[in-house]
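In what follows, a structure is listed as structure tokens, so that the remarks can point back to it.
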Amino acid sequence: MRFAISIKKRVLFIAKAWAMSAAILTSWGASLNAAETVYVKNVIPLPVRVATIHGDGARLGGALIENWDKLETYVSWRVKLGAGELEVFVRQASGAGSAGNSYQVEIAEYKLSGTVKDTGGWRLVQDIPVGGVRLSKPGEYQVTLRPLKKKGQSVMNLAGITLRGPAALGSELIISDELRRGEFYAKKHYDPQPLPSFEEIKGNL
């Protein structure tokens, strides 16, 4: 009898644990979806995984845009913002060789100048303030980061941009259909090479 009661308690305990786990996962999933759409706080992150890379001089590697070796290549996001002020922070990583490179962040009529900082390593990301803007009306805006000067092997490693201020309240990050399908960056063009014929390689066999 005691054995049957013990089994019943264990079953009830496991069922409750599964129910709690499901509730936590549901809440977590909802918060992830919210984090990709509408923001209720006055901070909106613009991660590189939902950025558009214009050109073939950079690539998305996990949580960073890296191998950024062409000044013609730039990055942009589409976002719905409210009216008011915003502080702009660039989330970047760099080694000493690329420190001092310059770039420009464009929002509406504003063009904010920034300088790449040595963060102590290409994976050590820091938030670098680049200035502020004041948006006169709510609407859909393009946020663009455009490199201006490059020395060393790369412009920087970019993790994203963060916007903070009243204009970010209720903001919405717009994700393009291409990004939803997984086309995260422009592919370089490759011409497939024909396979060699047997006559061409038989001497090496």
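Readers should treat all values here as calculations from the given coordinates under stated rules, not as data from a laboratory. No experiment lies behind these values; they were computed from the predicted model shown. Cβ atoms come from the backbone with ideal geometry, glycine included; neighbour counts cover every protein chain shown.
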For Leu64, Leu148, Leu86, ascending order of other Cβ atoms within 10 Å (fewest first) is Leu148, Leu64, Leu86
Segment Gln153-Ser76, length gained on full extension (0.36 nm per residue, minus Cα span): 25.5 nm
Set of region 157-173 residues, backbone N closer than 20 Å to the point 7 Å along the Cα-Cβ line of Lys41: 159-173
In whole Hz and in residue order, list the ³J(HN,Hα) couplings for region 75-92 that follow from phi through the Karplus curve 6.51 cos²θ - 1.76 cosθ + 1.60, θ = phi - 60°; x for Gly and Pro. 10, 8, 9, 10, 8, 8, 10, x, 7, x, 8, 9, 9, 10, 10, 9, 8, 9
Please order Lys41, Lys80, Lys111 by the number of other Cβ within 10 Å, starting at the fewest. Lys41, Lys111, Lys80
³J(HN,Hα) across region 97-109 via Karplus (A = 6.51, B = -1.76, C = 1.60, θ = phi - 60°), whole Hz, x for Gly/Pro? x, 10, 4, x, 4, 10, 8, 9, 9, 10, 9, 6, 8
Beyond a 30 Å Cα-Cα separation, which of these cross-linked pairs lie in this structure: Lys41/Lys137; Lys41/Lys117; Lys41/Lys70; Lys80/Lys111; Lys111/Lys151? Lys41/Lys70
For Val133, what is the net charge nearby, where nearby means another residue's Cβ is under 9 Å from its Cβ and Lys, Arg count +1, Asp, Glu -1? -2
Pairwise label distance in nanometres, Ala63 with Lys111, each label 7 Å out on the Cα-Cβ vector: 3.3
Can you list the residues, at least 5 places off or on another chain, whose amide H is less than 5 Å from the amide H of Ala108, using H built in the peptide plane? Gln142
A chain fully extended from Ser136 to Ala99 at 0.36 nm per residue, minus the present Cα-Cα distance, gains in nm 9.9 nm
Residues whose built amide H sits under 5 Å from the amide H of Gly152, excluding neighbours closer than 5 in sequence, are none
